[in-house]
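Have a look at the structure below before the remarks.
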Amino acid sequence: MTPSSDSRARPSWLAEQSNLIGLAAIIILFWFLFTSLAPGFVSSFNLFALSRSLAVDIVIGFSTMVVLATGGMNLAIGSIGVCAVMASGYLMQTIGLPIPVAMALALLLGAFLGWLNGFVIVRSGVNSFIITLASASLFLGGMLILSKAQTFNALPPEIAAFGRMRWGGFVSPLLLVALAIGAALVVLFRFTALGREILAAGANPRAAELSGVPVGRAIIIAHTLSGALAASAGLMLVFRLGAAMPSIGQDWLLPSFLAPVLGGTLLAGGFVSVVGTILGALLVTTLRSGLLVMQIGNFWLQLFLGLILLAAVMIDRYRGVYAERRSLGRKTNLGRKESGRRA
Amino acid sequence: SDNKIALIPGGPHPYFAPWEQAGKDAAKDFGIAAVDFKVPAEWKLNLQTELVESLVTQGYTAFGIFPGDAVGINSTVEELTANNIPSLALAGCAQDPTKVSFCFGTDVYNSAYLGTKALIEALGGKGKIVHLAGLLVDPNTKLRMDAVEKAASETNGAVTVVQHITDTDAQEAADQKINALLGAQKDEIDGLISTAYIPSVVAAKSLRNLGDKRIKLVGIDDDQIVLDAIKDGFAAGTMAQNPYGQGYVGAYALDLLASGTCTVKADAPFVKTPQTERFIDSGTLLISNANAATYKDDLKKITTEIQTSFKDKYLDCK
Amino acid sequence: MRLTIEGIGKDFPGVTALDDVSFEILPGETHALMGENGAGKSTLIKIITGLYRPDRGRLLVDGKPVDFTSPRDAIAAGISAVHQERNLIPRFTVGENIMIERPPTRNGVIDFDKVHSEARRFLDMIDPTIDTRTEVRHLSVAQMQIVEIAKALSLEARVLLLDEPTASITGHEADALFAVVRRLRDEGKAIVFVSHKLEEVMAISDRVTVLRDGRIAAAGQPIAQMDRGKIVTAMIGREERVAEMGTRSVDRTKTVMEARNVATSLGHKNVSFQLHKGEILGLYGLVGAGRTELARALIGDARIVSGELRLNGNPVTIPDVPTAIRRHRLGYISEDRKAEGLILTHPIRSNIAISVWRRIASALGLITRADERRIAHPLVEKLEVKTPSIEQAVGKLSGGNQQKVSIAKWLAAGVEILIIDEPTVGIDIKTKTAIHELIGEITREGLSVLLISSDMPEMITLADRILVMRDFAIAGTIENTRRYEPMSREIMGLIHAGSADAAPAAETAHG
Amino acid sequence: MSQNRNLTFGQRFLANEWSALAVAIVIGLVTLATLSSAFLTEFNLYVMLRSFCVVLIVAFAQMLTLAVGQMNLSVGALGGLVAIAVGGMMEKWGFPVPVAILCGLAIGAGGGLINGLLTVRTGINGFIITLATASAFTGINLGITESIPFYNLPASFVAFGTGRISALPYLLLPPVLIAIALAFFLARTVPGRQLLAVGGNPQAAELSGIPRDGVIVMAHTLSGLLAGAAAILAVAQLGSAQPSIGVDWLLMSFAAPIIGGAALAGGHISVAATALAVVLIVIIQNGMVLAKVDPYWVQFLLGALILAAVGLNRLRAVRAGGA
Ligand SMILES: Nc1ncnc2c1ncn2[C@@H]1O[C@H](COP(=O)(O)OP(=O)(O)OP(=O)(O)O)[C@@H](O)[C@H]1O
Ligand SMILES: Nc1ncnc2c1ncn2[C@@H]1O[C@H](COP(=O)(O)OP(=O)(O)OP(=O)(O)O)[C@@H](O)[C@H]1O
Ligand SMILES: [Mg+2]
Ligand SMILES: [Mg+2]
């Protein structure tokens, strides 16, 4: 038969969609549940709070997603985020720079720290897990030493004002910022050479290299991007809190992986889903808020989040296995081992 | 009234335990629909704010909050005010400018000052002392340091503060740092003044474990371990705060404010502290072998005094 | 013990590795298993040893059906094997690796003295010089191979499966192995022996079974009734002759690539050769001769430490692979499609377009799937890649079609020089011819090819001239007369000049 | 692929895991001893040894999963859960100390078992599995305790946590025994070797008839068991069962084995080197307090230490000519 250029025939595309649809279904279900059980859930007050924390969770998720694309990890997201936060605080409060300039510089710092990670990883050839594990405590320690963990609380009032701003009664502008970033990432990964190179480098670095992809460069750029995104997540929190404080970012690890993994991004690298990450974050925020509103939350919340993540990854996994089973006779992990052997 | 009032500590901490009972009593005594004690899962600002937000969604009409983060809490408080929900800072203050009606808690400066005084007295007026303080990020810690320094300076040189050890208000940290301190310098120092709950407990334990009655300790709060240490002479005394009173009177005031019958007096006799213009002292006293048995009643007395005089002293009511 | 293979079938994504394979392995015989690359030999062995489970058919031991769910079951049943790929624990000592299956213990504690003395016994059967206390990671490939064999022997199994045991050892060690094999056979053990080296097979086996494209081409023929010709015919399904490449006129005046006394960071010593425009220059050698490494050095994946490399006459130093491709239009098709060749999880479209992303991207660095299809689609049709869609993930294609995609990638990149390493490993006979013709065609269109292959007939079919490499150096260059017998004799002569005892290694290969 | 017989002394020294650590430790000891008279006092040594105990076992817990090329992000969470479980059993239900301890260990092992089974059954990356279970364990912990610690523990138990013979805390006994047992287990027993074999080359191990999945489950289970042991020790040390026990274990748990030269890829760990790494970390922390240095430097130095260690390991790999 002759090949057709029909892109709908691509199986992984279908898989991706089914994953997203499934996720969306779960989310809608929970919204139904919470609204019917606790009407307050859809009060404009709660929706606003929800949209604001959603915005942050999305960007945190992106920050991890872009590194997962290269098959790596970034455990330093929280640290980079808080470094950017304190920098912005210092620049605005102590130096007195205008807000946009301070923000821009803070983002640059985040990008730089990310670049540092990428550079060391590529140059040393050491696993990104170790490098970012180390740099996480380096960055955090450095920040604490410099800032003496002092909160910057005399920021320009516009900051807090923007954080409290509501559009349409219950949408925080921060959410639109997050979605805008998402759109940009879609373009990056779907429509740019760079994005494709990052994915190729993640899927099979050796093959990509031999096909002329500057793999090292792709990895470094991904980490730089991750740093910038972590910084923007931190800055969003500055807007929300109207202050720059050292406690930001300490608990980002779980959410940063939750969103992309729930959204179907592969840890192995080579495939990301921006929309999936957004939905993943939405699911997490919905649950947090919903469980709290229903009074179950608070102390049991952690447990539920953990279980949901487990459930989600397993469902996803088994759909994958099933898909492979149809073509492959046997326990699927062997084929993978085979091909992984020399890689 | 049909107000639903929430008392929210900064996170789980034994200090706040009495709030639960205080809330129940207040609800009973003043006929409030509900006064609930809601604890954030951890000492994290975002958990506290999320809890507050969810409680608003659940229809709570007034909040007594311990600002785990004196600044961070303000953005939430602003929203409460925007939805005209009154709120107080209990046990600790929010940093001005703030929209909380007022701050009702221990005058930390005074308490630390009195505590140090007591320690100096126990030392016979001279010696080297070390200050075990709470979180560095908590502005009260700074106040306490100043208070300790002031009390020491009044002995013009006889008593010197060797070191302030901060961030000791968590078990692991306290255990590690205090033991390291005693390990390194137990012979150089004569007295310990602790201005945070956990280091008081840990210090009492360590001294008992060292079997050292030479080093005098004045702690804070009335944890059983500290009280025992006082009984057995491992500690000179401890500064009792009035958490019960904070919860009880706090709930009472919140109820009045939430019902809309009362507003805060413009010219109320607030105390000014570096943190806020509107501070009310919830009372403090020194527990020593003398009053170890009776201090609870003394605190109760203080509480009732504050409560009965509160309305006309601080509020305008129709 | 009698091992009966009954209608065994096994599928992999895109390939049917085995189909309705039936034959018997009897006690007290050495049973040779032959077949081209990808015929299914290793797969069959992995099924017998319980690593894979057959999709169809069954195994019988002494007439009783068995179902091995893991290698442990097979081992328990008295079956042991030397697999084709290394299976040693790098940081364990030789002794422990050999005894890993059942380390001798004294009351629950491993008795390492015993481990080493036991291991010694089996190692001595083949090579007494290897120290059982060295860590395996410090051994050479050949030594590792010997440890593997000793490990298999240590199980004292009743059925011993050897998958290309001699692929990377010298004739001397091979002879020792054969002695052991004969002894075991005489003790009534059954030995299955996989090799591409016909001479060995003729020498030691009693019966031979030949697989072709996963099917039985000859089942358990007594070796006495076979000869080289018969076996090869069975293997490749045709008389052994060199396929017609059509008339090839190469203009030897235009030199596109020239190496002058090149030495590399990988250990090559003064390598010199010339590649002319439109020429297919063969590079032959045994496994480990250093051909792949040479290719890596040429494309800038390893450093050239001395001598010079000239492209179209002017000397160049290539810092990295991307530069080789973008600036010098020099491409490399790896011998290991799965690990280095293609991005299996990505669609055909982007696997072909990957090398031109930069070029087709707009000023803003934007590219659309349409752009990629415009590049990929014509090539997919030209090369007749069998696929339901251009969006199909490459991993789901058969080996041959995967290879076509990697060639398409380089045609898309518009390279002028292409280094192709083992183009037809694990590719069935028909696709193999197709790829041969494809290579011939692209060179006629002006591309120049440096062809690395361990497949002698392939080499003699395709190459215009053949470089013979030995121990990371060029042993000599031969004009290809395309007459098989004299050519292969000449090549083998060059390979074994010096190392007289080396085993004859025509059709050496590794999957 | 060079034989390592003909190595220079320098290479041989570089080639063993603990060489650099030993040097670093000696330097650290000497400098601190000279700088601060208090450093070598009996009580200070006691304090150091005491803080050494828990960290060491935590490091071992992580080390075992690293050995098979896995990770256990739930060490801390599991530890916290065991801690409050033990505390609760002793305070609320009045279990006798030994019983409570055994139950605690069982819970730890159980948690590990769950991690292991989920990992091999689903084939999902252990990182994600343990990230999820970590959150679940913490959730249970918080849900049960509402973060209120158990303070009133049996005197005998607390006494064990504080007791000492001159500079030697009773607490030191369990970690030492565990270290010895572990070293023996990994070096001389069949399951121990199988564990390293699977880490070193999973497919080879499987082909050699080693039950790969079983071994991975075992590694996770042991990891959980050790996390539990560490938690119980922590409770004894603090004299109260804090729900917060374990929250700060993660970094340490990876830092020590990695500084000790463990390979994330698996198959290569060293009990001795890991222990030395912990010693070094403890010395640094103690030194910080003595020198009255800003505690934040500990964070910073730990990161630097890890980087230095991996850097050195690569250097060593190059020098010793081993891949
Ligand atoms: N794990 C696997 N996944 C997918 N395809 C595979 C796998 N293993 C083998 N194949 C395919 O099955 C076919 C038979 O492979 P096999 O290794 O058995 O051939 P072989 O006869 O051993 O070849 P060689 O002589 O090169 O070793 C080949 O087409 C190969 O590509
Ligand atoms: N299967 C193998 N496992 C480990 N190392 C190998 C293997 N094959 C080759 N080597 C190492 O790589 C070096 C060169 O091998 P390489 O594969 O480049 O040779 P080659 O001529 O390309 O042979 P082929 O391409 O047929 O494998 C050898 O010195 C050998 O040590
Ligand atoms: Mg094979
Ligand atoms: Mg090769």
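Three principal axis extents describe the C-alpha atoms of segment A:120-226; from largest down they are 53, 40, 17 Å.
With the biggest extent put first, the Cα atoms of segment D:111-253 measure 53, 38, 23 Å across the principal axes. Fewest neighbouring Cβ atoms within 10 Å first, the residues B:K313, B:K4 line up as B:K313, B:K4.
Of all DSSP beta bridges confined to the protein assembly as shown, the antiparallel ones make up roughly 45%.
Ignoring lysines fewer than eight residues from C:K151 along the same chain, the ones with Cα atoms less than 25 angstrom from its Cα are A:K337, C:K41, C:K46, C:K114, C:K189, C:K197. Its residue count N fixes a reference of 2.2 N^0.38 Å for segment D:38-315, and the Cα radius of gyration divided by that reference is 0.99.
Return the calculated 222 nm mean residue ellipticity for chain C, to the nearest 500 deg cm²/dmol, obtained by summing -39500 (n - 2.57) across DSSP H runs with n ≥ 4 and dividing by the residue count. My calculation for chain C gives -9500 deg cm²/dmol from helical runs alone. About its Cα centre, segment C:3-236 has a charge dipole of approximately 260 debye under the convention of +1 per Lys or Arg Cβ and -1 per Asp or Glu Cβ, with nothing else charged.
Between the amide H of C:V66 and those of C:L59, C:L60, C:V61, distances stay under 5 Å, these residues lying 5 or more places away or on another chain, with hydrogens modeled in the peptide plane.
Test of understanding: ordering B:D221, B:D267 by Cβ neighbours within 10 Å, fewest first, what list do you get?
Working: B:D221 22, B:D267 6.
Ascending number of Cβ neighbours within 10 Å: B:D267, B:D221.
Given D:Q70, D:A275, D:G200, which one lies farthest toward the positive end of the charge dipole of chain D, if we put +1 on the Cβ of every Lys and Arg and -1 on the Cβ of every Asp and Glu? Result: D:G200. Separation of segment C:456-489 and segment B:124-164, taken as the distance between their Cα centroids, equals 90 angstrom.
In straight Cα distance, which aspartates and glutamates are under 16 Å from B:K117, not counting same-chain residues fewer than 8 positions off? Reachable aspartates and glutamates: B:D107, B:D146, B:E149, B:E154, B:D190.
Its residue count N fixes a reference of 2.2 N^0.38 Å for segment A:167-323, and the Cα radius of gyration divided by that reference is 1.18. On a per residue basis, the convex hull of the C-alpha atoms belonging to the protein assembly as shown measures out at 187 Å³. Look at where the Cα atoms of segment C:105-161 and of segment A:147-226 average out, and the two centres are 54 Å apart. The ratio of the alpha-carbon radius of gyration of segment C:3-236 to the globular-protein estimate 2.2 N^0.38 Å is 1.01. Taking the Cα atoms of segment C:1-102, the ratio Rg/Rh between the radius of gyration and the Kirkwood radius comes to 0.99. About its Cα centre, the dipole of chain B is roughly 560 debye, where the only charges are +1 on Lys and Arg Cβ and -1 on Asp and Glu Cβ.
Using the reciprocal of the averaged 1/r over all distinct C-alpha pairs, how large is the Kirkwood radius of segment B:96-239 in Å? Could you put the intermediate results ahead of the total?
Values: mean 1/r = 0.0667 Å⁻¹.
Averaging 1/r across every pair of different Cα atoms and inverting gives 15.0 Å.
Let me spell out the model: positive unit charges on the Cβ of Lys and Arg, negative unit charges on the Cβ of Asp and Glu, origin at the Cα centre of the protein assembly as shown. What dipole size does that give, in debye rounded to 20?
Numbers: 131 positive and 126 negative charges, 354 e Å.
Roughly 1700 debye for the protein assembly as shown.
Going from the fewest other Cβ atoms within 10 Å to the most, the residues C:R359, C:R86 appear in the order C:R359, C:R86.
Length gained on full extension, C:D111 to C:R374, computed as 0.36 nm times the residue gap minus the Cα-Cα distance: 88.1 nm.
For the pair segment C:403-425 and segment B:36-94, the centres of their Cα atoms are 66 angstrom apart. Modelled label positions at D:A187 and B:Q224, each set 7 Å beyond Cα in the direction of Cβ, lie 4.7 nm from each other. Considering only D:R193, D:R121, D:R212, the Gaussian network model of chain D with Cα springs below 10 Å gives its largest mean-square fluctuation to D:R121.
The alpha-carbon atoms of chain B define a convex hull whose volume equals 119 cubic angstrom per residue. Taking the Kirkwood radius as Rh and the Cα radius of gyration as Rg, chain C has a ratio of Rg/Rh equal to 0.99.
Note on D:L117/A:W300: beta-carbon distance plugged into 1/(1 + (r/R0)^6) with R0 of 35 Å gives a FRET efficiency of 0.90. GNM on chain B, alpha-carbon springs under 10 angstrom: the most fluctuating residue among B:T98, B:T106, B:T294 is B:T294. Summary value for chain C: 16 percent relative contact order, contacts being C-alpha pairs under 8 angstrom separated by 6+ residues.
The A:W31 and A:A184 beta-carbon pair, evaluated with R₀ = 30 Å, returns a calculated FRET efficiency of approximately 0.65.
Straight-line reach from B:K311: which lysines fall under 23 Å, measuring Cα to Cα and dropping same-chain residues less than 8 apart? Within the straight-line cut-off, B:K311 pairs with B:K4, B:K24, B:K28, B:K99, B:K265, B:K272, B:K300, B:K301.
Each principal axis of the Cα cloud of segment B:192-318 was evaluated for its coordinate range; sorted largest first, these ranges are 60, 30, 20 Å.
Values quoted throughout were computed directly from the atomic coordinates according to the rules given, and no laboratory measurement underlies them. None of the values given here were measured: they were computed from a predicted structure. Cβ atoms come from the backbone with ideal geometry, glycine included; neighbour counts cover every protein chain shown.
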